[in-house]
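Any read-out appearing in this document is the output of simple, stated calculations on the displayed coordinates, not a laboratory observation. Source: prediction; values computed, not measured. Positions of Cβ are backbone-derived with ideal geometry, glycine not excepted, and every protein chain shown enters the neighbour counts.
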Amino acid sequence: MTLRGTNQEFARPFNRRIVLESIRLHAPIKRADIARQVGLTVQTVSTIVRELEEQGYILSLRDEPNGRGLPPARLRINPEGGYAVGIHLTPLGLDAALVNLSGEVIESRHRDAPNATPDHAFELIGRLVAELTGLRPGGRILGVGMALPGPFGVESMSFVGPTTMAGWQDVALRERLADETGLPAFIETDMAASALGEQLYGLGTRFSDYYYLYFGVGLGGAMVHDGTVLRGAWGNAGEIGHIPAVPDGEPCPCGNRGCLERYLSLEALGRRQGGEAEWLPQVRPIFRNAVATIENLFDPQVVVLGGLAPLDLLEKLAATVQDLPNTVSARKDRTTPRIVVASSGPNSVLRGAAALAVTGVLSPRFGQMFETVAEPRHAAPREKGAAA
Ligand SMILES: [Zn+2]
């Protein structure tokens, strides 16, 4: 998986992001190596690098001269070159974090807000964003990204039940977020934001095709293909929580019975009297089948188990299915387990949400993912000379 630039002048904004992505992934890296990797001339890369350095997005490090001329500079992202705020809204409350350009959480805050109304939530968000951005006075704030439970725009599924946001239908999320914060605003499902966090800051450096299973209050997931989250026609692809898992099983607020999420989610665990000890063996066969379904559908390199659940719970869950059924993933040439626990940590959603706002600068692939209009392979003429 290598990003390629184009040597045509009108594609500068796109190339700029490709060069930044290459620096982020491979830092510290020399200009010539970037050029080789992304298929641009050294001259084009040098022009872009000079601009990025002037703008404070990257830093260059130079080794001590060794007597045979100046060694080439090696480049890396300037962590303090910009900040974004990530917000995660759940039926239980709000989390927010100030994140720097390297994806490091500078500070995070939590506010309890059970089943918050939009008015209440946006008021809290406005205050949290002001508090967090106030920590870096004079810092360049690129924007704010908010993640919330999906699916979006499916009336009978989106806003019913304990795992979703009741009373949030018909809310112009992006507009309200922008109005409340005065910043460029981005919205995404929590599962896709979390998969983005993992792609940028976790296992994404090792895998390019994997299914990210989001274990939260509900259950969701996203297939990451070639480093990009598959979103479907309406952004709801991978909404695995409502796959029928148990015939005539537990009724689900979506109107069906036996949905996977009714068994496999923090909400489901919370309903079990006996806690983890009783729940784990009970859901094991259901979880095994779910993994087999995912593998046969998507042929992933690996299934990544992540989300909001505590790490030790995810590890126990992964350990219950080490003897998975035969599927297309039961390959002899495997070098990794079929299931791994996410490595981007508990802040994956917040970092992913913040990255939504940074992607326009940093990552062309995720820029494609979150913009309604895909990144053109050849930029439209109106982008000529535009500063991205
Ligand atoms: Zn359901």
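Some notes on this structure:
- For the chain, the equivalent ellipsoid derived from the alpha-carbon gyration tensor has semi-axes of 37, 25, 19 Å in decreasing order.
- Charge tally in the Cβ shell below 10 Å around Val321, where Lys, Arg are +1 and Asp, Glu are -1, Val321 excluded: +2
- Calculated from backbone phi, Karplus (6.51, -1.76, 1.60) coupling profile of the range 125-133 in Hz, x at Gly/Pro: 4, x, 5, 4, 5, 5, 4, 5, 5
- Put in line by how crowded their Cβ is, counting other Cβ atoms within 10 Å and starting with the fewest, Ser348, Ser329 read Ser329, Ser348.
- In sequence order, calculated HN-Hα J values of the range 38-52 (Karplus, 6.51, -1.76, 1.60; Hz; x Gly/Pro): 9, x, 10, 6, 4, 5, 4, 4, 4, 4, 5, 4, 4, 5, 5
- With neighbour counts taken as other beta-carbon atoms within 10 Å, the residues Val246, Val304 rank, fewest first, as Val246, Val304.
- Label-point separation, Arg271 to Asp299 (7 Å along Cα→Cβ), nm: 3.7 nm
- Simple rule: put +1 on each Lys or Arg Cβ and -1 on each Asp or Glu Cβ in the chain, find the dipole, and look at Leu305, Val217, Pro118; the Cα lying farthest toward the positive end is Leu305.
- 10 Å Cβ shell holding at most 13 others, DSSP loop, trypsin sites (Lys or Arg not before Pro): longest site-free stretch of the chain: 69-205
- Computed about the Cα centre, the dipole magnitude for the chain is approximately 1360 debye when only Lys and Arg (+1) and Asp and Glu (-1) carry charge, each at its Cβ.
- Listed by Cβ neighbour count within 10 Å, with the fewest neighbours leading, His225, His120 appear as His120, His225.
- Whole-Hz ³J(HN,Hα) from phi, Karplus 6.51 cos²θ - 1.76 cosθ + 1.60, for the range 218-227, glycine and proline x: x, 10, x, x, 8, 8, 9, 10, 6, x
- Gain on full extension, evaluated as 0.36 nm per residue between Ala130 and Arg68 minus their Cα-Cα distance, stands at 17.2 nm.
- Taking Cα centre as origin and charging only the Cβ of basic (Lys, Arg, +1) and acidic (Asp, Glu, -1) residues, the dipole magnitude of the range 9-77 rounds to 120 debye.
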